[in-house]
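First comes the structure, then the notes that go with it.
Any read-out appearing in this document is the output of simple, stated calculations on the displayed coordinates, not a laboratory observation. Please read these numbers as outputs of a predicted model, since none were measured by experiment. In this analysis, Cβ positions are derived from the backbone assuming ideal geometry, glycine residues included, and neighbour counts consider all displayed protein chains.
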Amino acid sequence: MDHNTTAAHVFDAAIALAGQGDAALLGHPHPAYGNMVGPFGGVIAATLLNAVMQHPARLGEPVSQTVHFAAPVAADGFTVQARVMRTNRSTQHWHVELVQDGGVAAFATAVTALRRDTWSALDAAFPAVPPAAGIAPAPPIARAAWTSRYEMRFIDGAPGAPDSHSDSSQSRMWIRDTPERPLDYLSLAALCDAFYPRIFVRRPKWVPIGTVALTTFFHADAAQLAAQGSAPLLGVARAQRFGNGFFDQDAHMWSERGELLATSHQVVYFKE
């Protein structure tokens, strides 16, 4: 998708980077994607990926990205610089840094590649769920502005009442940008983080939390993303273990046609 066709969307304003070539690019946090502390992590991930996507030396499409959230991003401006670490025949390895006030606030590694037509198979099973149209959107959370930027229709696993308890951390929901926006790699990178932290589902007690590292694998090619358009995605997220101040979270992002578009894995810090 041509990035310029979505320039009016608030998401594109939030991940915008000024500059060109391989020099450091200038960005600024957008209040529409604010979180309880700093910006929503998904929009930071998308901003870092955007530096790769607009780099003149980029080869192919994103295959993976790992973001490390080293420090809170303040409301001030920042710089982002993407560097090619190695280019092979069909793959390219990247290092990206977001620098603010003289220190690295977030950094990422990424792989882009020229995708080839090969044998394919799907081990993951598309869940049997009701269609999005029959489920009412959930209200946003006032303390986290970014939740107003997504239409979330929960099938199960919506955050419960304070101090309630659930035997499962799984959430299944239909989700898309608000306002609607055609899907591309940048919005998909953000959507993979657009789940409430699993601890708020398993034990809905508000405690300080923060993602430490987020890895996203992009399984879809550009044609599949274009075919998705602005239709809702089915997101499924769950944790495996909570303890010692950290928990993990896995997520699957599906198209309505049952295509697995992306998977993500992250580790999150929490404090009692």
Take the alpha carbon atoms of segment 227-250, find their center, do the same for segment 107-146, and report the distance between the two centers in whole angstrom. 9 Å
Calculate the spin-label point distance for S168 paired with M85, positioning each point 7 Å from the Cα along the beta-carbon direction, and give it in nanometres. 3.7 nm
Could you line up M53, M36 from fewest to most neighbouring Cβ atoms inside 10 Å? M36, M53
